[in-house]
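K.L.:
Attaching a single structure in structure tokens format; questions to follow.
Every read-out reported here was derived from the displayed coordinates using simple, explicitly stated rules and does not represent laboratory data. No experiment lies behind these values; they were computed from the predicted model shown. Positions of Cβ are generated from backbone atoms using ideal geometry, with glycine treated the same way; all protein chains shown enter the neighbour counts.
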Amino acid sequence: MKKLIIVIMLLSLILIAACNGNVKDNNNNNDGVKIPVLAIKDYFPFTENSKYMYTGEGNEYASYTVYTDYITETRVQTRTNNGGTEIVKVIEMKDGQLKEIFSRGETYFRENFTDTKSDDGEILLKEPLIKGTSWTTGDNINRSITNVDVELTTPLGTYKALEVTSEGKDYKIVDYYAKDIGLIKTVNTGNGYEVSSTLSKIENDVPLVQNINIYYPDMKGDILNSINIPISFNTNDEPKELLEKTIKEMAEASQLMSTNTKINNLYLNDDGMVYVDFSKEFITEMNAGSAYEAMILQSITNTLGKYYGVENVYITLDGKPYESGHIMMKEGEPFTVDLKNVKPTD
């Protein structure tokens with residue numbers, strides 16, 4: 001009986017101590033100070049309308065810029081321009097991992113790839129963000145967090161950085177991530193070489209500007225003119241909306257579509273063709289003979305084909321194959337880019 005009383009008294013003392021804060025929480029240090037739990041979102045923020053500029057050494061393509069194309073709840077699509085090509089990537093932050101699930105080079109057009117399936121992908125970061133966390137990438141490269149507070153000086157300032165090391169057979173890549181900033185430096189070393197890229201500038205609230213050639217019929221003949229127009233894309237802007245707006249506002253190209261015409265859909269399909277779907281007003285309000293209608297269609301085809309870098313454009317009306325009083329296309333039958341009758345620019 002005495003033993004039972006003693007046990008009850010001890011349990012009571014423990015409970016009292018806990019209520020008074022004498023029992024330490026796992027997230028507290030020995031002084032009772034709360035230790036912050038590091039999370040991937042702190043080291044890789046999704047920031048809209050941002051442009052990161054990196055200065056490189058050791059390779060002509062080590063300098064590059066990164067722009068944010070699209071942001072969803074768990075994914076960000078970035079656009080990297082290194083002076084030689086533009087690479088679009090989709091990065092997913094989910095289940096304690098930061099994973100690159102999509103990458104496409106030579107992508108000079110605007111397209112939303114954030115709905116890509118994420119069964120596979122390269123893990124860039126993995127929680128817990130503590131020294132020693134390690135994993136293996138899809139190509140059997142060992143990757144690990146080798147430090148969590150490396151002091152690193154960049155043109156933007158000095159940071160305490162998270163250090164992630166990837167070791168291949170004959171090379172090593174070290175990435176540094178700063179809190180609330182993201183990737184601030186990458187160093188790639190191997191047999192007789194070292195290439196580095198360091199964040200040197202961040203521009204916020206800036207759009208991505210792309211120059212697009214818009215083709216339109218010459219009112220005086222049977223040739224096509226073209227004009228180069230800069231279009232500004234903010235994060236999550238869709239090309240169909242901005243292209244429609246730009247064409248309607250251009251006096252030279254206003255005959256391509258009426259005020260009431262809408263671009264219902266516009267995308268690059270898996271078959272390598274651009275698909276564009278217009279509302280019925282594209283036909284009902286065109287007021288053109290067969291020859292001029294053909295020039296309008298060729299102008300649309302050239303504009304979209306050249307922008308997306310493809311030869312074939314499939315044009316539909318409210319989801320059905322293109323059909324007017326003069327021209328009837330079969331299902332799946334595209335129009336083809338043809339620049340033979342385009343007037344040379346001055």
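K.L.:
Extending each Cα 7 Å along its Cβ direction at D222 and N341, get the distance between those two points in nm, one decimal.
P.N.:
0.6 nm
K.L.:
Now for a separate question. For the pair T165/V206, report the inter-label distance in nm, with labels modelled 7 Å from Cα in the Cβ direction.
P.N.:
If labels sit at T165 and V206, their model points lie 3.5 nm apart.
K.L.:
How much length is gained if the chain between E100 and Y292 is pulled fully straight, taking 0.36 nm per residue apart and subtracting their Cα-Cα distance, in nm to one decimal?
P.N.:
64.4 nm
K.L.:
Using θ = phi - 60° and the Karplus relation 6.51 cos²θ - 1.76 cosθ + 1.60, list the HN-Hα couplings for segment 167-180 in order, rounded to whole Hz, with x at every Gly or Pro.
P.N.:
Going residue by residue, I get 10, x, 5, 9, 7, 9, 10, 10, 10, 10, 10, 9, 4, 6 Hz, with x marking Gly and Pro.
K.L.:
Follow-up question, since we're still on this one. May I ask you to compute the full-extension gain from T74 to T284, defined as 0.36 nm times their residue separation minus their alpha-carbon distance, rounded to one decimal in nm?
P.N.:
Using 0.36 nm per residue and subtracting the Cα-Cα distance, I get 71.4 nm.
K.L.:
Rounded to a whole number of µm²/s, how large is the Stokes-Einstein D of segment 222-346 at 25 °C and 0.890 mPa s, given Rh as the Kirkwood radius over C-alpha pairs?
P.N.:
The calculation lands on 164 µm²/s.
K.L.:
With each label point set 7 Å from Cα along the Cα-Cβ vector, what nm distance links N81 and L38?
P.N.:
Once both label points are built, they end up 3.4 nm from each other.
K.L.:
Helix 290-308 against the longest principal axis of the chain: what's the angle in degrees, Cα atoms only, rounded to the nearest 10?
P.N.:
The angle comes out at about 20 degrees.
K.L.:
Another question about this same structure. In the chain, with Lys and Arg counted as +1 and Asp and Glu as -1 at Cβ, which of these residues, T78, V66, Q97, has the Cα nearest the positive end of the dipole, that is, farthest along it?
P.N.:
Q97
K.L.:
Skipping prolines and chain starts, which residues have an amide H placed within reach, meaning under 5 Å, of the one on S200, given they are 5 or more residues away or on another chain?
P.N.:
So S200 has HN proximity to M53, Y54, T55.
K.L.:
Here are several values of percent of Cα pairs over 37 Å apart: (i) 40; (ii) 37; (iii) 26. Which one was derived from the coordinates shown?
P.N.:
Identified label for the calculated read-out: (i).
K.L.:
Would you mind calculating the gained length between M250 and E333 on full extension (0.36 nm times residue separation, minus the Cα-Cα distance), in nm to one decimal?
P.N.:
Result: 27.0 nm gained on full extension.
K.L.:
Next question, about the same structure. So what's the angle, to the nearest 10 degrees on a 0 to 90 scale, between helix 2-19 and the longest Cα principal axis of the chain?
P.N.:
Taking the Cα atoms of the chain, the angle to 2-19 is about 40 degrees.
K.L.:
Once a ≥ b ≥ c are taken as the square roots of the eigenvalues of the Cα gyration tensor of segment 40-204, is the result rounded (a/c under 1.5), prolate (a/b larger than b/c) or oblate (a/b not larger than b/c)?
P.N.:
Here segment 40-204 falls in the rounded category.
K.L.:
Can you tell me which lysines have their Cα less than 20 Å from the Cα of K262? Leave out same-chain residues fewer than eight positions away.
P.N.:
Leaving aside lysines fewer than 8 places away in the same chain, those within reach of K262 are K240, K245, K248, K280, K320.
K.L.:
To the nearest 500 deg cm²/dmol, what mean residue ellipticity at 222 nm is calculated for the chain from DSSP H runs of n ≥ 4 alone, each contributing -39,500 (n - 2.57), summed and divided by the residues?
P.N.:
Details: 5 runs with 56 residues, N = 346.
Taking each H run of at least 4 residues, the total per residue is -5000 deg cm²/dmol.
K.L.:
To the nearest 0.05, how large is the calculated FRET efficiency for N59 and S134 if R₀ is 30 Å and r is the Cβ-Cβ distance?
P.N.:
E between N59 and S134, to the nearest 0.05, is 0.60.
K.L.:
Pairing the Cα long axis of helix 239-249 with the longest principal axis of the chain, what angle in degrees results, from 0 to 90 and rounded to the nearest 10?
P.N.:
With rounding to tens, the tilt is 40 degrees.
K.L.:
GluC sites (Glu not before Pro) within segment 51-114: which are DSSP loop residues with at most 14 other Cβ atoms inside 10 Å?
P.N.:
Sparse-neighbourhood loop GluC sites (Glu not before Pro): E60, E73, E106.
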